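Notes follow once the structure below has been shown.
Where a number appears in this text, it was derived from the coordinates with a stated rule and is not lab data. Values in this document were obtained by computation on a predicted structure and should not be read as measured data. Backbone-built Cβ (ideal geometry, glycine too); neighbour counts: all protein chains shown.
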Amino acid sequence: MAKIKPSFTLTSNKSTASSNAGPLRVALSLSASDLLDVDSVRSEIVTVGTSEAILIDGSATNGGPGTGGTAGGYIWMQNTTASGTNVIYIGTNTSANNAAVDLIGSPGANVNRLFTLKVGEFAWIPFDYNMDIIVDANAADQQLEYWLFDRA
Amino acid sequence: MPKYINPTLTLTSNATSVSRNPGPLSIALALQVADSLSVDLVDHFTISAINNGTPTWGHPQEGSFNTLIDGSALAATAEATSSTHTGCWVVILNTTAVTSSELVYIGYTDDNDAISSGQTYTELSTSNENKRLFSLHAGEFAFFPFDYTGDLYCDASASSQSLEFWRFDRA
C-alpha cells in the first residue's frame, strides 16, 4: 500500500524576543507527523478569478462520499500567486447541490466560505468528499496549487 | 508590535518501486512550504474524551459539549469584508492512542444551527453526512485557516477519543 509522510511544525519565539516575537510569554514548538495510506494522487495549479468554481466535486471524486475515515483524502493547498495583496477564498457546498457559490461577503451573508489564503499561505486538511470544495478570489489571475491524496 | 507564528509543512513519499513504505508515484515526492503569520490571541485546549453522543453547543472544557469554534461568538474579529482578512489559524490533532481504530470527526455548519445552551449539531458519524468536513484517525492532524463564517465542532465514533486544539487569531 502506498504511503505518504506529512510532517508539520509550528514554532514561535517568546513575546519578549527582539525580532519575530511570538504571541505567548513562552516559546512554542509544536510538531506532528504521520504515515498515511493513500492510492491515487491528483495535483493541479489553477488560476482563480472572481467567478467562483468547483475545485473538487466530492460526489464525483474517487467514489464519492461514504464512511468516515475510509472515503476521503488529504488536501495540500497553497496560494502560489507570485506577489500582491489579493486573496483566494476556499469554501464548501453540500455535494448534492453541485453548484459553485460566491464566497465573497460578510460572515453572516456567506457561510460557504471556509477560509482565506493570502499569497504564500497554505493548508493541510483531510476531506471526506461529503461536500464540494469551491474556490473564488477577490481579483483575477490568482494562482492556487493543490494536491489531493486519496485515502487507501 | 506584531507577533508571529512560523508553520512549516513537509510531505514526502518514496518512489512506488521501493520495498519499504513505497509511495503512490513512480518518483519520490518532496513538498515543503513555510510561512510567517501575524497573530495575536492564542486559544488552546485538549479534550480527553469527546462527547460522542448528540453533539451539543458549548465549550468542551465546561461539560459534554462539542463546539470548537463558535463563529458568531468570535464575530468581533471575523472577516467582515473582502478587504479585511482576519479570521484565525487552526491546528487539530487526534491525540487518541494510535492503537485506536476509532475516528474523530470535524464538522462545519451554519452558525445558526446551534447558538446557545441546549442546542445541538448534526451527528457526524452517519455515512455521507454533509456536515462532516473531515475525519481524523488516531495521530492524524490538520492545519488550516478559518474565517469564523460558521461553527467548527467535533464528534467521535466511540467514547474516549481525544483531541488537541489550537486557534491562533489573525492579527
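On average, how many beta carbons from a partner chain sit within 10 Å of the beta carbon of a residue in A:39-47?
1
Across B:Pro55, B:Pro22, B:Pro145, mean-square fluctuation computed from a Gaussian network of chain B (C-alpha pairs under 10 Å connected) peaks at B:Pro22. Taking the Cα centre of the range B:1-142 as origin and assigning +1 to Lys and Arg Cβ atoms and -1 to Asp and Glu Cβ atoms, the resulting dipole is close to 540 debye. Can you compute the label reach from A:Asp37? Point 7 Å from Cα along the Cβ direction, backbone N cut-off under 13 Å, restricted to the range A:111-152. Hits in the range A:111-152 for A:Asp37 at 13 Å: A:151-152. Once you have a ≥ b ≥ c as the square roots of the Cα gyration tensor eigenvalues for the range A:1-116, tell me rounded if a/c is under 1.5, and otherwise prolate or oblate according to whether a/b is larger than b/c. Note, shape of the range A:1-116 comes out oblate.
Within 10 Å of each Cβ in A:25-36, how many Cβ atoms from other chains are there, averaged over the peptide? Mind showing how you got there, number by number?
On the way: counts 0, 0, 0, 6, 1, 9, 2, 11, 5, 9, 3, 5.
Going residue by residue through A:25-36 and averaging, the value is 4.
Within the range A:22-60, which residues have the backbone N less than 19 Å from the label spot 7 Å out from A:Asp141 along Cα→beta-carbon, could you tell me? Those under the cut-off are A:45-52.
Under the criterion of Cα pairs below 8 Å and six or more residues apart, the relative contact order for chain A equals 34 percent. Stokes-Einstein diffusion for chain B at 10 °C, viscosity 1.306 mPa s, with a Kirkwood radius from C-alpha pairs, works out to 91 µm²/s. Overall shape: rounded for the protein assembly as shown, with the ratio a/c of the largest to smallest alpha carbon gyration tensor axis below 1.5.
Over the whole of A:5-16, what's the average partner chain Cβ count within 10 Å per residue? Rounded to a whole number, please.
6
Dipole of chain A computed with +1 at Lys/Arg Cβ and -1 at Asp/Glu Cβ about the Cα centre; of A:Asn13, A:Gly69, A:Ile133, farthest Cα towards the positive end is A:Asn13. Taking amide H atoms as placed 1.01 Å from N in the peptide plane, the amide H of A:Leu24 lies under 5 Å from those of A:Ser15, each 5 or more residues away in sequence or on another chain. Spin-label model, B:Phe45/B:Ala28: points 7 Å from Cα along the beta carbon direction are separated by 4.4 nm. Put in order of Cβ neighbour count within 10 Å, fewest first, the listed residues B:His137, B:His59 become B:His59, B:His137.
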